[in-house]
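**Student:** To start, I am sharing the structure in question, which I have written as structure tokens.
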Amino acid sequence: MSKALTDWKLNHPGRIPGPVRSMVQMGLRATSYWRPLPSFLVIGFQKCSTTSLYSHLALHPQVQVSHRKEIDYFGCDTGQDLAWYRSHFPMRRSKTIAIGEASTMYAYMPQAPAEAKLQNPKFKLIAVLRDPVKRTISHYHHRRKWGLEERTIDQAIEDAFHDFDKDIATWQDAARPDADPSRPYREPKASYLIRSMYSLQIENWKKLFAPEQLLLIQAEDFWSRSEDVFHEVESFLGIDHHGIRNNKVFNQGAYQKGKPDSNLSAIQNRLTKHFQGEYQWCREQGLTFSNDTTSDQENE
């Protein structure tokens with residue numbers, strides 16, 4: 001894919017007509033045998049600025065990324081074969097060192113680590129984590145924005161707490177090595193809390209991948225110290241320090257104005273108390289969150 005086309009796609013997501021996209025996909029699949037598989041995965045998390053990281057990596061001269069973000073191949077029960085997966089990647093350039101993709105479902109889907117391990121036990125894994133309270137609230141607004149959530153935030157979070165124990169048990173059962181593959185895991189409607197349980201999801205990956213294969217990034221650091229954090233990513237991937245072309249935040253959105261959340265302060269306090277274990281786990285990983293949930297800006 002040309003550099004100009006890559007830049008256009010990153011700035012105009014979803015604007016390729018369906019029939020054209022299908023024809024292009026057929027052509028890519030026909031040449032999938034010659035297309036390399038990725039060496040790194042951005043596995044999560046949703047609403048944590050993974051789109052910005054993916055987009056900046058796509059502009060690095062020694063990196064190639066998949067033709068689109070969120071392929072959702074490993075652990076996602078797509079029903080697609082390896083040729084379909086390979087078709088999402090470009091032909092290797094001579095100067096390329098790292099090839100990768102970003103699918104935020106990978107952190108969440110219980111069997112994604114096992115399937116990824118079978119494909120490439122040497123994968124380098126990157127996860128971007130955001131304050132779990134902020135991530136949870138941003139997740140809700142994201143679903144509201146796309147018409148996927150009709151409940152008020154009060155009701156949605158209340159439902160998530162009501163179903164939490166059941167949802168955790170279902171997830172843990174699906175993550176077992178002997179889980180029945182004929183019964184794929186289905187995400188519950190009220191997944192706001194479980195999606196912010198970073199320890200649960202990352203530890204699932206650490207069972208199968210060595211610590212040196214995993215890089216955890218704090219989203220707040222990526223926003224405030226973009227160059228420093230991106231340099232850390234470059235070092236992790238073994239590529240030259242090229243830096244960020246610009247500080248554009250990709251897929252940035254804002255909460256709807258004029259529709260204040262009636263009990264947002266109470267919701268934040270309840271979430272903060274619920275996620276105390278997550279804050280402790282994050283501190284053990286070297287990540288410290290301010291738990292400032294007053295901003296109305298969100299980043300994907």
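Readers should treat all values here as calculations from the given coordinates under stated rules, not as data from a laboratory. Because the structure is predicted, anything quoted here is derived from the model rather than measured. Virtual Cβ from ideal backbone geometry, glycine too; neighbours counted across all protein chains shown.
**Student:** Calculated FRET efficiency, Lys189 and His241, Cβ-Cβ r, R0 45 Å, to nearest 0.05?
**Tutor:** That gives a FRET efficiency of 0.55.
**Student:** What are the ³J(HN,Hα) values, in whole Hz, obtained from phi via the Karplus relation 6.51 cos²θ - 1.76 cosθ + 1.60 with θ = phi - 60°, for each residue of segment 196-211 in sequence order, with x given for Gly and Pro?
**Tutor:** For segment 196-211, the Karplus-derived couplings read 9, 7, 4, 4, 4, 7, 5, 4, 5, 6, 5, 5, 10, 10, 5, x Hz, x marking Gly and Pro.
**Student:** Net charge near Pro184: determine it from the other residues with C-beta under 14 Å of the C-beta of Pro184, scoring Lys and Arg +1 and Asp and Glu -1.
**Tutor:** On the way: positive: Arg176, Arg183, Arg186; negative: Asp72, Asp77, Glu115, Asp173, Asp180, Glu187.
Computed value for this residue: -3.
**Student:** Further question: Taking R0 as 22 Å, what's the FRET efficiency between Glu232 and Ser199 from their Cβ-Cβ distance, rounded to 0.05? Working shown, then result.
**Tutor:** On the way: r = 22 Å, r/R0 = 0.98.
Step by step, r from the Cβ atoms, then E = 0.55.
**Student:** Report the local net charge at Tyr73: Lys and Arg +1, Asp and Glu -1, summed over other residues whose C-beta lies under 9 Å from its C-beta.
**Tutor:** Counting the neighbours of Tyr73, the net charge comes to -3.
**Student:** Hey, which of these cross-link pairs are over 32 Å Cα-Cα: Lys47/Lys117; Lys95/Lys122; Lys69/Lys134; Lys166/Lys207; Lys117/Lys145; Lys122/Lys166? Don't jump to the answer; show the numbers that get you there.
**Tutor:** Numbers: Lys47/Lys117 25 Å; Lys95/Lys122 21 Å; Lys69/Lys134 23 Å; Lys166/Lys207 23 Å; Lys117/Lys145 35 Å; Lys122/Lys166 34 Å.
Lys117/Lys145; Lys122/Lys166, as the Cα separations exceed 32 Å there.
**Student:** Hey, another quick one. Within a Cβ distance under 14 Å of Leu208, other residues only, what is the Lys/Arg minus Asp/Glu net charge?
**Tutor:** Details: positive: Lys117, Lys122, Lys124, Arg176, Lys206, Lys207; negative: Glu115, Glu203, Glu212.
Residues close to Leu208 contribute a combined charge of +3.
**Student:** Hey, can you grab everything whose amide H is under 5 Å from the amide H of Gln218? Only 5+ residues off in sequence or another chain; H modelled, so Pro and N-termini drop out.
**Tutor:** Leu129
**Student:** Under a point spin-label approximation (7 Å from Cα along Cα-to-Cβ), what is the Asp180-Thr272 distance to one decimal in nm?
**Tutor:** 4.4 nm
**Student:** Which of the trypsin sites (Lys or Arg not before Pro) found in segment 104-192 are loop residues per DSSP with 13 or fewer other Cβ atoms within 10 Å of their Cβ?
**Tutor:** Passing both the DSSP loop test and the Cβ count: Lys122, Arg186.
**Student:** What distance in nm lies between label points placed 7 Å from Cα along the C-beta direction at Leu264 and Arg93?
**Tutor:** 4.2 nm
**Student:** Which GluC sites (Glu not before Pro) does segment 111-191 hold that lie in a coil by DSSP with at most 13 other beta carbons within 10 Å?
**Tutor:** Glu150
**Student:** If amide hydrogens are placed 1.01 Å from N in the peptide plane, which non-local residues have theirs closer than 5 Å to the one on Val42?
**Tutor:** It is Glu101, Ala102, Ser103, Ile126, by chain and number.
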